[in-house]
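Enquirer: So that we are looking at the same thing, I have put the structure below in structure tokens.
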Amino acid sequence: MTIVQKLDPERLKSSEFWEDAWFQAKENSIFKKKNKTMQDIVKHWNKRAENFTENVMSEKGKGRINKVIQWLEVQGVKLEGAKVLDIGAGPGPFSLAFAQKVEQVVALEPAENMAAFLKEKIQEGKITNIEVIQDTWEEIDLEANGLKGQFDLVFASMTPGINNWETIHKALQCSKKYCFISQFAGKRQSSIMEDLWQAVYGEEIPKWPAHVMFILNLLYSRGYQLEFSVWEEKREIETTVEEAVPFFINELQMFGKEEPYPEDSVRKFLEGRVQNGKLSHQMVSRLGKILIRL
């Protein structure tokens, strides 16, 4: 006989419940830090910088950026004359897009290789309204950097810097009007990745954590006024094996696997999937975006 533990409905209204649920989900997920220091995490993103930049600055990536900015404008966010803080800016896809519409952008990015790409684009385009701060969101001193209460929009798209209530509250402290947070909404699947993982590691691929659910309910339970939307993205990819190997090595990094990566095993598996000289696969992601009105 299966015993089902009853959950008190009143607990679901408690922010403490959602904080603890989020913590437990991370502890049991692929993203458990395993005693990693902040420097280790930044080093990881420095290694991913080239592939990550290629992805977010692609035509597909630019389409996502336009979709998000249009959604913000539909919600009534006025960008003209605004000041924006971009938390975890990466190579700057959103910072560069915002700079065309707003008065000022402060881009916070700890990974040197990511920040270097953004700085290069700023120099090439002679852009004068983007300031880059190289620091982690967890460690930056808001007072010392003059960030508290200074922004019309605080923007955090898919950033690992938003990882508990403390980091969310820190973002809210910087905003006068709006705060935007987006995260995966429980799905990030590849038509090849599950079989590849089984073949290479001999085990089932870990589930992708649904972070946005915890963020949404944590904000709701604390009484914030917000808008929420979920969308799904599909990518049909056709490539060569040589191009696909670094792509899937990058996916192993995304799923928390550490070096050394089994490049020969990955290549051998992918070669077995080639048809007519090409490797075809599909990527599906489900994402959620939250706009908090202050």
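The values are calculated or read from the model by the stated rules, or taken from the named source; none is laboratory data. Every value quoted in this text rests on a predicted model; they were computed, and no experiment measured them. Cβ coordinates were reconstructed from backbone atoms using ideal geometry, including for glycine residues, and neighbour counts include every protein chain displayed. Side chains are part of the model used for accessible areas, which takes the heavy atoms of the whole protein and leaves out ligands, DNA and RNA. Shrake-Rupley method; radii C 1.70, N 1.55, O 1.52, S 1.80 Å.
Enquirer: If only one of Phe228, Phe180 is hydrophobic (A, V, I, L, M, F, W, C), open to solvent by 30 Å² or more (accessible area, probe 1.4 Å), at pLDDT 90 or above and closer than 23 Å to Ala25 by Cα, which one is it?
Expert: Phe228
Enquirer: Could you say which residue among Arg11, Arg48 is basic (Lys, Arg), within 24 Å of Ile205 (Cβ to Cβ) and part of a helix (DSSP H, G or I)?
Expert: Matching residue, one of Arg11, Arg48: Arg48.
Enquirer: What's the total number of residues in the range 252-265 that are under 23 Å from the mean Cα position of the chain (by Cα) and of a type in the set (Asp, Glu)?
Expert: 2
Enquirer: Sticking with this one: Does the range 165-223 hold any residues that are under 30 Å from Gly81 (Cα atoms) and acidic (Asp, Glu), and which are they?
Expert: Glu166
Enquirer: Check Thr136 against each of (1) of a type in the set (Ser, Thr, Tyr); (2) farther than 26 Å from Leu294 by Cβ; (3) in contact (Cβ under 8 Å) with a residue 24 or more places away in the chain and name the one condition it does not meet.
Expert: Single failed check for Thr136: (2).
Enquirer: Give the residues of the range 25-79 that are touching a strand residue (DSSP E or B) at 6+ places or on another chain (Cβ under 8 Å) and either open to solvent by less than 60 Å² (accessible area, probe 1.4 Å) or at pLDDT below 80 (or both), sorted by residue number.
Expert: Lys60, Val68, Trp71, Leu72, Gln75, Val77, Leu79, listed by residue number.
Enquirer: Which of (1) over 22 Å from the mean Cα position of the chain (by Cα); (2) touching a residue at least 12 places away in the same chain (Cβ under 8 Å) does Lys268 not meet, given it meets every other one?
Expert: Against the list (1) over 22 Å from the mean Cα position of the chain (by Cα); (2) touching a residue at least 12 places away in the same chain (Cβ under 8 Å), Lys268 comes up short only on (2).
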